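To start, the structure itself, in C-alpha cells.
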Protein chains: 2
Amino acid sequence: MYKTIKYIGKVSTRLVSIEECPLQETENAPEAIVEIYPEYLEATKNLKIGTEVLLFTWLHKANRTTLTCKPRNDESAALTGIFSTRSPDRPNPIGIHQVKILSISKKGTIKISQLEVINGTPVIDIKPIL
Amino acid sequence: MYKTIKYIGKVSTRLVSIEECPLQETENAPEAIVEIYPEYLEATKNLKIGTEVLLFTWLHKANRTTLTCKPRNDESAALTGIFSTRSPDRPNPIGIHQVKILSISKKGTIKISQLEVINGTPVIDIKPIL
C-alpha cells in the first residue's frame with residue numbers, strides 16, 4: 001500500500017519496558033541487534049563494520065495523537081510543540097538513531113553500538129549519516 | 001491505522017519534475033515552503049526562525065521494491081545496497097533533510113533554506129537536529 005510502512009526488520013535488546021529505556025541513545029543505551037528480514041537482505045550489501053549509520057525505527061507503542069509534550073517528562077516544563085522535541089509520541093512515530101555497526105552477518109544480523117528502544121521495535125530504514 | 005503514514009503537510013517549490021531536482025539539498029537546491037495542515041499546527045509551537053531542523057518527507061514517487069542502485073545515477077558504478085545510499089527508491093521512501101527555518105507564519109507556513117524534492121511532496125515529521 002502506498003502510505004503503509006514496511007517493516008524491514010526488528011530490534012533485539014535487553015530493554016523490555018519503556019520505563020527502562022534511556023531518553024536518547026547517547027545516554028548509556030545498551031548495544032542491540034537489528035535483524036533484517038530475508039526479503040530485504042540484498043539492500044544491506046555494502047554496510048560496513050565500524051561505520052556510523054542512521055537507523056530508523058517505528059516506535060509502535062507511541063501515541064500518534066500527541067501534539068505537545070513536556071520535554072524529558074519534566075512536569076515543571078512548559079508544553080512544547082512535539083516537532084521541537086524527539087518525543088516518540090507524534091503523528092508519525094519515526095525514531096532516528098545514529099549508531100555504529102559493530103558486526104554484521106550474511107544472514108542480516110547487525111550488532112549496533114547503542115539503542116534506546118524496546119525489544120521488538122520495528123526497523124524501517126537505514127541510511128548514511130548526514 | 002497503525003502502520004499508515006500521516007501527511008502533516010506538503011512542500012511547495014519551483015521544482016516540478018524529478019529530473020530537475022538536485023541529488024542532495026546541499027547541491028544548489030532552492031528555497032521551499034512547507035505548509036503544515038491545520039490539524040497539526042499546535043505541534044509547530046516552539047519552532048524558531050534561524051534554527052536548523054530535520055525535515056522528513058515521504059518521497060511518494062519512489063519505487064518501493066528497489067533494493068540496490070547505482071549511486072548518483074552513474075551507470076559505471078557498482079550496484080550498491082540501498083541502505084548504503086540516500087536513493088529515494090527504497091522500501092520506505094523517507095526523505096531526511098537538514099534545513100534552516102527562514103520564516104514561519106501563525107498559519108503554519110514555514111519557509112526553509114533549501115530542499116531537493118518536487119512540488120507537492122508530503123511532509124511527515126520535523127525533529128531537532130541530531
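Here, each number is a calculation from the coordinates, and none is a lab measurement. Here the structure is a predicted model, which is why all the values come from computation and not from measurement. Heads up, the Cβs are rebuilt from the backbone with ideal geometry, glycines too, and the neighbour counts pull from every protein chain shown.
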- Note on the structure: Ranked on Cβ counts within 10 Å of their own Cβ, fewest leading, A:Ser17, B:Ser76 go B:Ser76, A:Ser17
- Item | Low-density loop positions, trypsin sites (Lys or Arg not before Pro), the stretch B:1-97 - DSSP coil, at most 11 other Cβ in 10 Å | B:Arg14, B:Lys48
- For peptide A:58-66, compute the average count of partner chain beta-carbon atoms within 10 Å of each residue's beta-carbon. 1
- Find, to one decimal place in angstroms, the Kirkwood hydrodynamic radius of chain B, where the mean of 1/r is taken over every pair of different Cα atoms and then inverted. 15.4
- Rounded if a/c under 1.5, otherwise prolate or oblate - the protein assembly as shown, Cα gyration tensor axes: oblate
- Message: With a 10 Å cut-off between alpha carbons and a GNM built on chain A, which of A:Pro93, A:Pro30, A:Pro38 moves the most?
- Response: A:Pro38
- Task: Report the residue, chosen from A:Ala62, A:Ala78, A:Ala29, that carries the largest GNM mean-square fluctuation when chain A is represented by alpha-carbon nodes joined by springs under 10 Å.
- Result: A:Ala78
- Between A:Ser17 and B:Arg14, what is the label-to-label distance in nm when each label sits 7 Å out along the Cα-to-Cβ direction? 5.7
- Ranked on Cβ counts within 10 Å of their own Cβ, fewest leading, A:Ser12, A:Ser87 go A:Ser12, A:Ser87
- Query: Tell me, how many Å apart are the Cα centres for the stretch B:1-36 and for the stretch A:1-63?
  - Reply: 25
- Message: Can you compute the FRET efficiency between B:Ile129 and A:Lys106 using 1/(1 + (r/R0)^6), with r the Cβ-Cβ distance and R0 = 30 Å? Round to the nearest 0.05.
- Response: 0.30
- Zone reached by a paramagnetic label modelled 7 Å from A:Thr51 Cα along Cα→Cβ, restricted to the stretch B:10-24 with backbone N below 18 Å, covers B:24
- Note on the structure: Check: in the stretch B:9-128 the Lys pairs 8 or more apart or on separate chains whose Cα atoms fall under 22 Å apart number 24
- Task: Report the charge-dipole magnitude of the protein assembly as shown in Debye, nearest 20, computed about the Cα centre from +1 at each Lys and Arg Cβ and -1 at each Asp and Glu Cβ.
- Result: 340
